[in-house]
Every structure is written in C-alpha cells, then in structure tokens.
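So the structure is just underneath, and the comments pick up after that.
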C-alpha cells in the first residue's frame, strides 16, 4: 500500500503525518531523516493495528498542487 504523507518544515526541523492513519507522526532534523522515520512509523502503526484486530484503512488521501 502507498499512503500519502505530509511533510512540513518546522522552526527546528521537519514533521510528518499520514492523513489516512490518525496519530501516525514523525519528526526529524532533516527532510530525509523525517521521511525515513515516517516510513518506519507507518510500518509500526499498521503492525499495532493488526495486533489489535483493527481494520487497516485503504489509502484515500491524494496530493495536489495548486498555482496561485
């Protein structure tokens, strides 16, 4: 499965979250580190959901860029 991830620059690094997996977040000093951390967070989040017998949501979020 491929989930959309939102990565935002913060005052002291980067943060990331997955809209389709509430509570699945990560933060790091660099964008690359944050991408690596959110990838691991998604794997762990899904593993915990499976262990608890929770349904795994299908990816729904999409990404679009708009010009203004």
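Counting only alpha carbon atoms, the long axis of helix 31-51 and the longest principal axis of the chain meet at about 20°. Highest-first packing order for the peptide set 61-68, 28-35 is 28-35, 61-68, based on the mean count of other beta carbon atoms within 10 Å.
Sort the chain into rounded, prolate or oblate with this rule: let a ≥ b ≥ c be the square roots of the eigenvalues of the Cα gyration tensor; rounded if a/c is under 1.5, and if a/c is not under 1.5, prolate when a/b is larger than b/c, oblate otherwise. Because a/c hits 1.5 or more and a/b fails to exceed b/c, the chain counts as oblate.
Taken together, the values in this text are just the output of simple stated rules run on the coordinates, not laboratory data. What you are looking at is a predicted structure, and each value in this text was computed from that prediction instead of being measured. No Cβ is skipped: glycine too gets one built from the backbone with ideal geometry, and neighbour counts run over all protein chains shown.
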